[in-house]
Amino acid sequence: MAAGPPAHPVVGIVIGSDSDFETMEHAGRVLHEFGVTYEITIASAHRSPARVEAYAREAEGRGLRVIIAGAGGAAHLAGVLAGLTVLPVIGVPLAGPALGGLDALLSTVQMPGGVPVATVGIGGARNAALLAVQILGTADPALRERYRAYKERLAREVEEKAARLTPGAEPGMVPPRQAGGRPPS
């Protein structure tokens, strides 16, 4: 096992337009927090299909192991990438002016049999990156442990918030509440 992250990116983030960057940069931040190397580029399934095809066909040979694709509207980017590569593709449907992202969600999630796209919620760039970390962690015990520590931290944060909400309650137990939010007398 290598001592540190590889020099080349292992996750590719592909956005359909520069307007998608504001949302999708959150995926890069999460990957960086976990020490996962990544690259980000723009390629449109409709405006630059040859660029999308070249990216998908070259990704595995360049050492990528997961692709995250964010697009709005018709949102065919993730599906086209998935059709052209054997790498896992995670789709991030992005909100748009017409339907608030519902069109992108349906376009991303409704793939034909044999061409899977793991789809997160609308604007779910952070969750896409976390899913990529989980996928990579199946072959990287150190990364898997960092993800486990992250999940444990989330659980601790919930317990701390619950303790502030119900002082004196045992961890994991919240006393029943009556209407109005008060514990029973």
Among the listed residues GLY96, GLY83, GLY79, GLY73, which satisfies the condition of being crowded, with 16+ Cβ neighbours inside 10 Å and either of a type in the set (Ser, Thr, Tyr) or in contact with a strand residue (DSSP E or B) (Cβ under 6 Å, 6 or more places away or on another chain) (or both)?
GLY96
Output for segment 22-70, where each listed residue is surrounded by 23 or more Cβ atoms within 10 Å (Cβ to Cβ) and in contact with an Asp or Glu (Cβ under 7 Å, 6 or more places away or on another chain)
GLY70
Give segment 88-138 a look and list any residue that's outside any helix (DSSP H, G or I), in contact (Cβ under 8 Å) with a residue 40 or more places away in the chain and closer than 17 Å to LEU31 by Cα, or say none.
PRO88, ILE90, VAL92, GLY123
Can you name every one of the strands (runs of 3 or more DSSP E) wholly within segment 1-80 that holds 1 or more residues which are within 15 Å of the chain's Cα centre (by Cα) and of a type in the set (Phe, Trp, Tyr)?
38-42
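Only the coordinates and a few stated rules stand behind these numbers; no lab work does. Please read these numbers as outputs of a predicted model, since none were measured by experiment. When we count neighbours, we look across all protein chains shown, and the Cβ atoms used for this are built from the backbone with ideal geometry, even at glycine.
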